[in-house]
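All remarks here apply to the structure that follows.
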Amino acid sequence: MRSLPLYWRFISISVRAKTEYRTAFALTFLARGIVWTTEFALIWVLLYTFKSIAGWTSYEVMFLYALQLTTYSLAAFFCFHPFTKLSYKIQSGEFDELLTKPINPLLYLMCREFSASYVANVTFGIAFLSICIYRLELTLGVSDVLFLLAVLAGGALIQASAFMYGAIPSFWMVRNTSIMEMLMSDFRSFIRYPISIYPSSVQVILTLLVPFAFINFYPAHYFLGRDDSDLFHPLLVYMTPLVGVVLFGGALLLWRAGVRRYHSTGS
């Protein structure tokens with residue numbers, strides 16, 4: 001607990017470094033906004049043409065997209081740079097530097113390489129979420145808002161866990177990238193749309209093996225008031241926070257095993 005101000009210091013340094021060049025930061029913000037707005041618009045155009053997909057209307061599908069984008073961005077603040085570069089740090093011996101500090105190496109890595117540029121992603125994710133809530137005429141009470149915050153936190157933990165599970169095998173494998181690509185690109189692309197459009201085998205994988213469906217599909221049923229037969233069990237709509245905690249806890253255990261396995265390159 002005494003080290004918490006130090007971790008916050010690392011984050012504030014990263015934020016100041018990004019905002020030091022305000023024009024570049026603003027252009028990055030604008031560019032990312034254009035990218036995410038274009039994707040959001042493409043989903044709307046696609047669904048406007050076909051009216052619905054598996055019974056989901058355009059703004060309901062965009063609600064899934066907004067949940068996925070927001071939770072991914074929250075996780076990427078702390079996890080994108082640390083874990084996409086982890087295999088290089090291990091291979092080059094740069095990881096040694098983390099272990100020489102008298103503080104938690106995982107928190108040090110995540111806070112030192114905090115990516116402030118993802119503030120654009122989070123901003124637009126929340127904006128899209130707000131648009132969907134407005135257009136769907138959803139009335140959220142206090143308990144609903146609290147549950148939405150819990151879902152965003154749980155979804156962010158699931159996304160963070162995917163970063164970690166994709167990168168930590170680098171302690172055992174040389175230059176591992178395939179697992180990261182599979183988790184953060186291949187599997188994540190499935191949850192752009194309701195998983196009910198996929199075969200049962202894919203739905204099982206996205207629920208039990210790679211539980212990305214808990215990021216948006218299951219909690220969306222709660223907020224949208226859907227009562228579909230495509231749910232494996234009604235209680236799954238409430239499970240996102242728990243799934244996030246369990247997955248992240250497992251990722252922490254795997255991290256500790258990887259650090260114990262690590263041997264310096266001597267470079």
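The values are calculated or read from the model by the stated rules, or taken from the named source; none is laboratory data. Note that this is a predicted model, so its numbers are computed, not measured. Positions of Cβ are backbone-derived with ideal geometry, glycine not excepted, and every protein chain shown enters the neighbour counts.
Taking the residues in region 97-153 that are surrounded by 13 or more Cβ atoms within 10 Å (Cβ to Cβ) and of a type in the set (S, T, N, Q) as candidates, determine which candidate is farthest from TYR59 (Cα to Cα). Across region 97-153, the extreme among qualifying residues is ASN104.
Just the residues that are in contact with a strand residue (DSSP E or B) (Cβ under 9 Å, 6 or more places away or on another chain) and in contact (Cβ under 8 Å) with a residue 40 or more places away in the chain, please, taken from region 20-62. GLU60, VAL61, listed by residue number. The residue of region 49-61 that is farthest from the chain's Cα centre (by Cα), among those that are surrounded by 12 or more Cβ atoms within 10 Å (Cβ to Cβ) and in a helix (DSSP H, G or I), is SER58.
Here SER92 meets the list (1) out of contact with any helix residue (DSSP H, G or I) (no Cβ under 9 Å at 6 or more places or on another chain); (2) closer than 30 Å to LEU253 by Cβ; (3) at pLDDT below 80; (4) not acidic (Asp, Glu) almost entirely, failing just condition (3). None of TYR222, TYR218 is at pLDDT 80 or above and buried (at least 19 other Cβ atoms within 10 Å of the Cβ) except TYR218. Taken as a whole, region 187-199 holds no residue that is under 30 Å from LEU109 (Cα atoms), more than 18 Å from the chain's Cα centre (by Cα) and assigned to a helix (DSSP H, G or I).
Under the condition of being basic (Lys, Arg) and part of a helix (DSSP H, G or I), which residue from region 81-136 is nearest to TRP172 (Cα to Cα)?
Across region 81-136, the extreme among qualifying residues is LYS89.
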